[in-house]
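Data first, discussion second: the structure below is written as structure tokens.
The values are calculated or read from the model by the stated rules, or taken from the named source; none is laboratory data. All values derive from a computational prediction rather than experimental measurement. Cβ: placed from backbone, ideal geometry, glycine included. Neighbour counts: every protein chain shown. We work out accessible area using only protein heavy atoms, side chains counted, and drop any ligands, DNA or RNA first. Shrake-Rupley method; radii C 1.70, N 1.55, O 1.52, S 1.80 Å.
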Amino acid sequence: MRIVLVGPPGAGKGTQATRLAETLHIPHISTGDLFRANISQQTELGKLAKSYMDAGNLVPDEVTIAMAKDRMEQPDAEGGFLLDGFPRNVSQAEALDELLETEDMKLDAVLDLEAPEDEVVKRIAGRRVCRNDSAHVFHVTYTPPKKEGVCDVCGGELYQRDDDSEETVRKRLEVYHTQTEPIIDYYKSQGLVATIAATGPVDEVTRRALEALKRDQ
Ligand code: ADP
Ligand code: AMP
């Protein structure tokens, strides 16, 4: 399956993507994680991306699309993938369509995670991510690790993302509404969108997501 996950920052895209990717046996491709890996490896791409990310802006399309394309062309993504955080504007959605078309491929579904603004703000404020693996995500009150500051899965150090500050979150939400939300209509016109409530327990949201994907088959 080829799936796009869309939703405001903090809706739980990464959390759900990890679970869905495991169940559906497809790789989880997060452009945010790819940028953060480049930042920690201090690559040129990482240096460029960091300035945009810290300000809560989108990284320019040219480099983002090239990075996403490169990842989607890896052998493990041949049978499908779950995109998390890409596309993030209509030009990226068009570029993805073109890319898939050249390979004679299509998206199967766009899963839209809906969550109220006050909830996503609380989720982002308490988010803690593992330095070893960005798939290990916790929340200080909702899904706390057994030992404060330590990842339950691998013992790595948990940290707060630089762009999870209150000020940057407001900017990221504005960018979501103005630049990313229009892709929902873009995909609605292709009949691909399944909207689910991203509120409630993590397991419950996963169940809703799998149900919605089944309905779309
Ligand atoms: P996104 O990838 O959409 O930005 P994340 O998956 O990183 O969002 O989730 C944001 C924060 O909210 C994390 O701290 C995560 O542990 C927490 N979270 C995710 N889903 C839920 C949920 N259903 N209920 C409570 N907290 C959640
Ligand atoms: P995320 O991890 O999805 O919350 O993304 C963190 C940040 O990475 C975003 O605020 C953007 O600055 C950048 N980013 C991630 N994906 C994209 C994308 N598809 N296009 C542009 N910027 C992106």
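Tabulated data for the structure shown
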| item | result |
| --- | --- |
| ASP76, sole failed condition from (1) within 17 Å of the chain's Cα centre (by Cα); (2) open to solvent by 50 Å² or more (accessible area, probe 1.4 Å); (3) more than 16 Å from ligand 1 (Cβ to nearest atom) | (1) |
| Filter result for PHE81 (at pLDDT 95 or above and within 15 Å of ligand 1 (Cβ to nearest atom)) | no |
| Failed criterion for VAL59 (all others in (1) within 16 Å of ligand 1 (Cβ to nearest atom); (2) open to solvent by 60 Å² or more (accessible area, probe 1.4 Å); (3) outside any helix (DSSP H, G or I) hold) | (2) |
| Selection status of SER91, modelled with pLDDT of 95 or more, within 16 Å of ligand 2 (Cβ to nearest atom) and in contact with an Asp or Glu (Cβ under 8 Å, 6 or more places away or on another chain) | yes |
| Pairs where the first residue, in segment 179-199, is farther than 17 Å from LYS214 by Cβ and the second is open to solvent by less than 50 Å² (accessible area, probe 1.4 Å) and basic (Lys, Arg), C-beta under 9 Å, 6+ apart | ALA198/LYS13 |
| Per-region count, segment 40-54, residues more than 16 Å from ligand 1 (Cβ to nearest atom), open to solvent by less than 50 Å² (accessible area, probe 1.4 Å) and in a helix (DSSP H, G or I) | 3 |
| Which numbered condition PHE35 fails, given (1) over 25 Å from ASP162 (Cα atoms); (2) crowded, with 20+ Cβ neighbours inside 10 Å | (1) |
